[in-house]
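K.L.:
One structure is given below, represented as structure tokens, and several questions about it will come after.
The values are calculated or read from the model by the stated rules, or taken from the named source; none is laboratory data. Note that the coordinates shown come from a computational prediction; the quantities given were computed from them, not determined experimentally. No Cβ is skipped: glycine too gets one built from the backbone with ideal geometry, and neighbour counts run over all protein chains shown.
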Amino acid sequence: MSPAADAAEYLGISPKTLYVWRHRRQGPPSFRMGARGRVTYRIDALDAWIGEQEQADSRSNPALNPVSAAPQRRAAYLATV
């Protein structure tokens, strides 16, 4: 298997999804290594990226959950009343 395929398996996604993410610069950090320039991922970088995704998800980060946010008044609405 290729390093990219191994990384995709580690993340539980298809290699094609990982390829698309890499080209959109959305996925975990990668680098090219060797004479052929094979795309490679570090396991610690994959784990760190997974942690970032967990923190960015409102279901696992209560600070981002809109239900736990205090209600806000609209300033424009108050100015016209």
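K.L.:
Would you point out the residue of the stretch 32-56, among those that are touching a helix residue (DSSP H, G or I) at 6+ places or on another chain (Cβ under 6 Å) and among the β-branched types (V, I, T), that is nearest to Y10 (Cα to Cα)?
P.N.:
This residue is T40.
K.L.:
Working carefully through the options A70, A8, find the one that is among the hydrophobic types (A, V, I, L, M, F, W, C), on the phi < 0 side of the Ramachandran plot and at pLDDT 95 or above.
P.N.:
A8
K.L.:
Another one. So, in the stretch 33-47, how many residues would count as being surrounded by fewer than 14 Cβ atoms within 10 Å (Cβ to Cβ) and modelled with pLDDT of 95 or more?
P.N.:
Residues that pass the stated criteria total 3.
K.L.:
Separate question: Take the residues in the stretch 11-28 that are at pLDDT 95 or above and assigned to a loop (DSSP other than H, G, I, E, B); name whichever of them is farthest from the chain's Cα centre (by Cα).
P.N.:
Applying the filter and picking the extreme gives S14.
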